[in-house]
Amino acid sequence: MMQDALKKIRGAHWLSSDAVIQQLWPDFFRLKGDRLVADDPALTVGFGQFEGQTCLVAGVNRGQTLTERQTYRGGAVAPTGYRKFSRGLKLAMKRHWPVITLINMPGADASLAAEKQGQSQAIAAAIQLMGQLTVPNIAVFLGEGESGGALALANSNRVFMYQHSLFSVASPEAMQAILKRPVGEVDQLLPITAQALQQQGLVDAVLPDTDANTMVAALKTQLQTALMQLADQTPLQLQQQRLTKFQQLQTLV
Amino acid sequence: MGHMPAAGTWQACPQCGEHHHRLEWAPWQICPSCGYYQRLTAQQRLTQLVDQGTFQPLPDLAMTAATTGFPDYAAKLATAQTKTGLAEAIVVGQAAIDQQVCVIGIMDSHFMMGSLNQVVGQKICQLFEVGSQRQLPVVLVTASGGARMQEGLAALTQMSLTLAAKSAFDAQGGFSINVLTDPTMGGVTASFALQADILLAEPAATIGFAGRRVIEQTDQVQLPADFQSAEQLLTRGMLDAVVPRAQLKAQLAQLLRLGGKSA
Ligand SMILES: [Zn+2]
């Protein structure tokens, strides 16, 4: 079951964030660069209009061709990507734009360059900024999202997940190695699937993953509703709501 | 080796292998042969850093994480508790450091590698909340391998919950100092560990996001031995100072004197 889901969401033909952006934000402008080191092509950050309202959108790119996969490191976002994202978030706050993130990634870039450029600091800053955003944010899991690298994009007022996506502390393969359990068993031991996380109250909507057009249409409807619901919230309410939302995962007794 | 005295009296250095008597490691737990810094327990760290008799634990949160899901997790937790005498991988309290009063948290790598779970996360939030209430600076000594896998997303999201507590503390004008010790890795580094006003580290401490083996696998390279060392991070602009253990208390006291007073 889980191996099938992983194969699907990691495949070259799976719905990409660029495809979603093209359909929902056709007049999109792409920000480039973190103003320090470089531009990270693994993370698209930019803005465009959705139903007449400008939104800040960030989407992870896994790449479809072999060359793209190499350039995008399979969607492992680099510190330059997280810093570009933080730059976008500050702009969004200033201009009162809601923030939408599109997630399908293997975790943050674990390369030598990423380490040298301060991956930990870049992720921490992005997580913190997302939590403190004074505008609404909505995270959409197109596929998998793991570790702090995904949390930086997911610390949001609303979380939507497509049916076969995963949100986990680490990749099923890493969990298998550390916990010495088969990959297929990991989702039985911890809530990581869209359905399980909806039961825990973290996920607000599980979207059907059928064909690309239906998938984008379903997302459009959910975004419209959520943006309307969140529009009147004060910055303090939005910040508090994120806390309450993620505290629901706790199993403290 | 039949003459080796009882365990605990003589200890082999993990770096150079030399055996040294307990009294030779004392008082800083540094290898007399090669200068290796032993990983300290929370109790040893407290003894080295705070004025005698001043440590008062913060109110007990009296919570534990439900350990269903992972059959061996409950047993692992119990073993860690017996081994360390601690309820969890962090100790939090109020104390004086050379008469400078602060709220202090000390992570203990001997407890499941100091991993960040729900209780540890909530105690770090408590540090910042109490720091705001009492208008005291926060000192946090980190030692952790990252998020605790066995608690899944509930552990991972402590990264954002602790950062939210830190943001609230900052909004009140709070002052914070982190001391990064060996090891400080993964989800801990990518959250509260690097977000203090002042970042100090112990010499040779390993501090990073991804583990050495993961990076070597990603890049197909062999990393130099000092990669991710505190000294390397200092040269890359990631830290304010690398402070020898014997000078750490004096360094913290100076910072608390300069920055810790509430206006
Ligand atoms: Zn030695």
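Pick from region A:154-180 the residues that are open to solvent by less than 10 Å² (accessible area, probe 1.4 Å) and within 18 Å of A:LEU15 (Cα to Cα): which of them is nearest to the other protein chains (Cβ to nearest Cβ)?
A:PHE167
Here's a check for you: in region B:131-152, which residue that is open to solvent by 10 Å² or more (accessible area, probe 1.4 Å) and among the aliphatic types (A, V, I, L, M) is farthest from the other protein chains (Cβ to nearest Cβ)?
B:LEU136
Output the residues belonging to region A:213-253 that are free of Cβ contacts under 8 Å to residues at least 12 places away in the same chain, of a type in the set (A, V, I, L, M, F, W, C) and open to solvent by less than 60 Å² (accessible area, probe 1.4 Å).
Initially, region A:213-253 is screened for residues free of Cβ contacts under 8 Å to residues at least 12 places away in the same chain, giving A:213-214, A:217-218, A:221, A:225, A:228-229, A:232, A:234, A:236-237, A:240, A:244, A:247, A:250-253.
Now narrow it down to the ones that are of a type in the set (A, V, I, L, M, F, W, C): A:217-218, A:228, A:236, A:252-253.
Correct list: A:ALA217, A:ALA218, A:LEU252.
If you scan region B:225-255, which residues turn out to be on the phi > 0 side of the Ramachandran plot and either touching a Lys or Arg at 6+ places or on another chain (Cβ under 7 Å) or open to solvent by less than 50 Å² (accessible area, probe 1.4 Å) (or both)?
Just the residues of region B:225-255 that are on the phi > 0 side of the Ramachandran plot, to begin with: B:228, B:237.
Within region B:225-255, B:GLN228 is the sole residue that qualifies.
Would you point out which residue out of B:CYS31, B:CYS125, B:CYS102 is without any contact (Cβ under 8 Å) to a residue 24 or more places away in the chain and either touching a Leu at 6+ places or on another chain (Cβ under 9 Å) or open to solvent by less than 50 Å² (accessible area, probe 1.4 Å) (or both)? Before the answer, list the steps.
Values: B:CYS125 fails: without any contact (Cβ under 8 Å) to a residue 24 or more places away in the chain; B:CYS102 fails: without any contact (Cβ under 8 Å) to a residue 24 or more places away in the chain.
When all the criteria are applied, what remains is B:CYS31.
Give me a count of the residues in region A:110-133 that are part of a loop (DSSP other than H, G, I, E, B), more than 8 Å from chain B (Cβ to nearest Cβ) and open to solvent by 10 Å² or more (accessible area, probe 1.4 Å). Spell out how you get there, then give the answer.
Of region A:110-133, the ones part of a loop (DSSP other than H, G, I, E, B) are A:110-111, A:117-118, A:133.
Now drop any that are not more than 8 Å from chain B (Cβ to nearest Cβ), which leaves A:117, A:133.
Next cut, open to solvent by 10 Å² or more (accessible area, probe 1.4 Å) only: A:117.
The qualifying residues number 1.
Just name the residue that is modelled with the highest pLDDT out of those in region B:17-28 that are under 24 Å from the mean Cα position of the chain (by Cα) and open to solvent by less than 70 Å² (accessible area, probe 1.4 Å).
B:TRP25
Taking only region B:202-212 into account, find how many residues are facing chain A (nearest Cβ under 10 Å) and surrounded by fewer than 20 Cβ atoms within 10 Å (Cβ to Cβ).
To start, the set of residues in region B:202-212 that are facing chain A (nearest Cβ under 10 Å) comprises B:207-212.
If we keep only those that are surrounded by fewer than 20 Cβ atoms within 10 Å (Cβ to Cβ) as well, we get B:211-212.
Residues meeting the conditions: 2.
State which residue is farthest from B:THR181 (Cα to Cα) when the search covers only region B:205-232 and only residues that are over 17 Å from the mean Cα position of the chain (by Cα) and of a type in the set (A, V, I, L, M, F, W, C).
Among those that are over 17 Å from the mean Cα position of the chain (by Cα) and of a type in the set (A, V, I, L, M, F, W, C), it is B:VAL221.
Scan region A:1-17 residue by residue and report those that are surrounded by fewer than 17 Cβ atoms within 10 Å (Cβ to Cβ) and either in a helix (DSSP H, G or I) or of a type in the set (Ser, Thr, Tyr) (or both).
Going through region A:1-17, the residues surrounded by fewer than 17 Cβ atoms within 10 Å (Cβ to Cβ) turn out to be A:1, A:3-4, A:7-8, A:10-13.
Passing the criteria: A:GLN3, A:ASP4, A:LYS7, A:LYS8, A:ARG10.
Please work out which residue is surrounded by the most Cβ atoms within 10 Å (Cβ to Cβ), limiting yourself to region B:153-171 and to residues that are more than 8 Å from chain A (Cβ to nearest Cβ) and not hydroxyl-bearing (Ser, Thr, Tyr). Quick ask: steps written out before the conclusion?
Just the residues of region B:153-171 that are more than 8 Å from chain A (Cβ to nearest Cβ), to begin with: B:158, B:162, B:165, B:168-171.
From what's left, not hydroxyl-bearing (Ser, Thr, Tyr): B:158, B:165, B:168-171.
Working: B:GLN158: 29, B:ALA165: 23, B:ALA168: 18, B:PHE169: 22, B:ASP170: 18, B:ALA171: 10.
Checked region B:153-171; the qualifying residue surrounded by the most Cβ atoms within 10 Å (Cβ to Cβ) is B:GLN158.
What is the number of the single condition among (1) within 13 Å of chain B (Cβ to nearest Cβ); (2) touching a strand residue (DSSP E or B) at 6+ places or on another chain (Cβ under 8 Å); (3) at pLDDT 95 or above; (4) open to solvent by 20 Å² or more (accessible area, probe 1.4 Å) that A:PRO106 does not meet?
(3)
How about region A:146-167: which of its residues are within 18 Å of A:ALA125 (Cα to Cα) and part of a strand (DSSP E or B)?
Scanning region A:146-167 gives a single hit, A:GLU146.
Do any helices (runs of 4 or more DSSP H) lying entirely in region B:165-263 carry at least 1 residues that are under 20 Å from A:ALA152 (Cβ atoms), and which ones are they?
B:186-189, B:212-219
The values are calculated or read from the model by the stated rules, or taken from the named source; none is laboratory data. Predicted model only: the values in this text are computed from it and were never measured. Glycine gets a Cβ as well: all are built from the backbone with ideal geometry, and neighbour counts include every protein chain shown. Heavy atoms of the whole protein, side chains included, go into the accessibility calculation; ligands, DNA and RNA do not. Shrake-Rupley method; radii C 1.70, N 1.55, O 1.52, S 1.80 Å.
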